[in-house]
Ligand code: PBG
């Protein structure tokens, strides 16, 4: 006998009948023509009644790219419909997002200058810090979460997410000194008004370093949303134009994850939760729905997914060619991410989707 319980039975250990003789889930004699699944698809009210997954504007987070200046609204060529915004324009954008019922904004910054120590990331006068203060003071803030992406790549002259030292390939990312800068960045973001800190750098130990630093500076109540298993993805291509953060040499494969690895993704998540992450942000979304599902099934914590720049741009390119129906495709792409297990979604379509859901 090959049943999983056979050995236990021989040992005379309890092995309940119900596990040995599980009844079939479906009575096969009751298939067609008695069973007709189309019955529940016939009308819109029927479909609505039995719908398993629903999208809501309150599930959506809208990314914003802050840049210095005033009155600036510069379209990103590889992301039509997405802009670099000066702080005053971002405040207007926030008001619109709030009126549409969107959950929050995810803030990125394009600093005036870049250097080796990523000063623009952690300076209290950094562009994201300025943006946070202005947004916090605006009426929109009471209805919107302000989420700070915590990383160094937009602020380092070399475009990497950590501190670069000489190493095997002529260069290497030095993990532990990067933690100090990331923790400093998180604290200055919290001080400027961030409601949530979202580390996206993929250094080992960053969640613990950030948690410790936040707790030590009076921000014990500020949650961490960790990009726990961020993959080294080609789908970030357009973002690097949007955030001016392309690595000047090498790539991110020594710190972001190999797209081939699912088991490792679960280990990354486990470690981030042990270090104190409050919620997860899975990234990218559409090419990694199996990872989203596995994370949902294995960890009982709030989890979102990020429909990244390349996912946005490839859809927009197809819309512009007239190859895909814009409205339906946007909603279906988001629904698929939610069905895979993400409770919330970071998406450049947030405003448009929220309007469609009104
Ligand atoms: C910063 C960061 C990136 C994205 C989010 N945070 C870029 C990267 O890792 O190269 C990508 C987001 C997108 O593509 O929309 N490290």
Any chance residue 299 is buried (at least 16 other Cβ atoms within 10 Å of the Cβ) and over 29 Å from residue 212 (Cβ atoms)
no
State whether one or more residues within the range 119-134 are under 28 Å from residue 350 (Cβ atoms), within 14 Å of the ligand (Cβ to nearest atom), outside any helix (DSSP H, G or I) and modelled with pLDDT of 95 or more.
no
Pairs please, first residue from the range 109-129 and surrounded by fewer than 16 Cβ atoms within 10 Å (Cβ to Cβ), second anywhere and part of a loop (DSSP other than H, G, I, E, B), Cβ atoms under 8 Å, 6+ apart in sequence or on different chains.
112/68; 115/155; 115/157; 116/157; 116/158
Read through the list (1) within 16 Å of the ligand (Cβ to nearest atom); (2) part of a loop (DSSP other than H, G, I, E, B), then give the number of the only condition that residue 164 fails.
(2)
Subset of the range 212-234 [more than 19 Å from the chain's Cα centre (by Cα), surrounded by fewer than 22 Cβ atoms within 10 Å (Cβ to Cβ) and either in a helix (DSSP H, G or I) or near the ligand (Cβ under 10 Å from one of its atoms) (or both)]:
212, 213, 215, 216
Keeping to the range 311-324, report how many residues are within 12 Å of the ligand (Cβ to nearest atom) and either on the phi > 0 side of the Ramachandran plot or in contact with a strand residue (DSSP E or B) (Cβ under 7 Å, 6 or more places away or on another chain) (or both).
2
Based on what the data block shows, is residue 145 closer than 24 Å to residue 303 by Cα and at pLDDT 95 or above?
yes
Could you tell me whether any residue of the range 84-92 is under 25 Å from residue 304 (Cα atoms) and loosely packed, with under 15 Cβ neighbours inside 10 Å?
no
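Let's see how each residue does on (1) modelled with pLDDT of 95 or more; (2) more than 14 Å from the ligand (Cβ to nearest atom):
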{"position": "236", "(1), (2)": "yes, no"}
{"position": "242", "(1), (2)": "no, no"}
{"position": "245", "(1), (2)": "no, no"}
{"position": "259", "(1), (2)": "yes, no"}
{"position": "274", "(1), (2)": "yes, yes"}
{"position": "278", "(1), (2)": "yes, yes"}
Count of residues meeting criterion [more than 10 Å from the ligand (Cβ to nearest atom) and either surrounded by fewer than 16 Cβ atoms within 10 Å (Cβ to Cβ) or in a strand (DSSP E or B) (or both)] in the range 144-157:
6
Name every residue in the range 293-310 that is touching a residue at least 40 places away in the same chain (Cβ under 8 Å) and either more than 16 Å from the ligand (Cβ to nearest atom) or within 16 Å of residue 223 (Cβ to Cβ) (or both), in order of residue number.
293, 295, 296, 297, 302, 303, 304
Could you identify the single residue in 51, 47 that is free of Cβ contacts under 8 Å to residues at least 40 places away in the same chain, in a helix (DSSP H, G or I) and more than 14 Å from residue 350 (Cβ to Cβ)?
47
Is there a residue in the range 248-256 that is under 16 Å from the mean Cα position of the chain (by Cα), on the phi < 0 side of the Ramachandran plot and either surrounded by fewer than 20 Cβ atoms within 10 Å (Cβ to Cβ) or modelled with pLDDT of 95 or more (or both)?
yes
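The values are calculated or read from the model by the stated rules, or taken from the named source; none is laboratory data. Here the structure is a predicted model, which is why all the values come from computation and not from measurement. Don't worry about glycine lacking a Cβ; one is built from the backbone with ideal geometry, like all the others, and counts go over all protein chains shown.
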